[in-house]
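The values are calculated or read from the model by the stated rules, or taken from the named source; none is laboratory data. These numbers come from a predicted model, not from an experiment. Ideal geometry is used to build each Cβ from the backbone, glycine not excepted, and the neighbour counts take in all protein chains shown. Protein only, heavy atoms only, side chains kept; ligands, DNA and RNA dropped before computing areas. Shrake-Rupley method; radii C 1.70, N 1.55, O 1.52, S 1.80 Å.
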Amino acid sequence: MSRVARDSRNGNSSNGKPPLDDVAKSIIEQLQQDGRRSYAAIGKAVGLSEAAVRQRVQKLLDQGVMQIVAVTDPLTVGFMRQAMVGVNVVGDPEPVADALAQMDEVDYVVITAGSFDLLVEIVCEDDDHLLEMINKRIRALPEVRSTESFVYLKLRKQTYQWGTR
C-alpha cells in the first residue's frame, strides 16, 4: 500500500497536514478572487459567521496552508530582467537550494529530477545585475557545477489561482 493511501486512511495528506474540508477550500477560493474580501462577505458566500471565517482563515495561515500577500509586476517596480536558471551541483542539492533561497533576487527554488538539479527563478534590475547574479553569486557557490540561463523575453501568464477542488 502506498504512503499516500496510508496517510489518506489516517486523515492526513502526504505532506503531514490534514486535508482541507470543503469550507476551507471555499474560503481559499474567495480569497484567491479578492485577498481583501471582508470576513463578513466570505462568511455570506460560504455559510459561516464572520467570526468563524476569521478563525478559519487564521488557522489556514498558522498551518502554512496559505499566505495573503500583495503580488507585484516586477516590470512596474523596476526589475526589467527575469530568468530561470537551471543549476547542476556536485553532491547534495539541498544545501545549494538553501543558499540560493537566501538571495533577495531569487523568488523560486525547486529541487528537480531531470536535466538540472535545481531550477531557480531570479528577478533583476537589468542585464548587468543578471550577469552579476549568475557569475558572482550563483556560480560562486562551491557546489555549483554548471548553470544554464533562460532569459524571459515576455511573460504571457502568471497566476496564483491554483484550484482547491
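Worth a mention:
- Charged side chains reduced to their Cβ positions (Lys and Arg at +1, Asp and Glu at -1) give the chain a dipole of some 940 debye around its Cα centre.
- Solvent exposure, largest accessible area first (probe 1.4 Å, DNA, RNA and ligands not counted), of L130, L153, L119: L153, L119, L130
- Taking all protein chains together and a 1.4 Å probe, the residues R36, R139 rank R36, R139 from largest to smallest accessible area.
- Partner lysines for K44 [C-alpha distance under 21 Å; skip if fewer than 8 residues away on the same chain]: K25, K59
- Tilt relative to the chain, helix 22-33 - C-alpha long axis, 0 to 90 degrees, to 10: 50
- Seen against the Cα atoms of the chain and their longest principal axis, helix 50-62 is set at about 30 degrees.
- Surface accessible to a 1.4 Å probe, Y160 within the full protein complex, Å²: 100
- Expected 222 nm ellipticity per residue - DSSP helices of 4 or more, -39500 (n - 2.57), all of the chain, to 500: -9500 deg cm²/dmol
- If you sort K136, K44 by accessible surface, 1.4 Å probe, largest first, the order is K44, K136.
- Counting only heavy atoms of the protein chains and using a 1.4 Å probe, I68 has close to 80 Å² of accessible surface.
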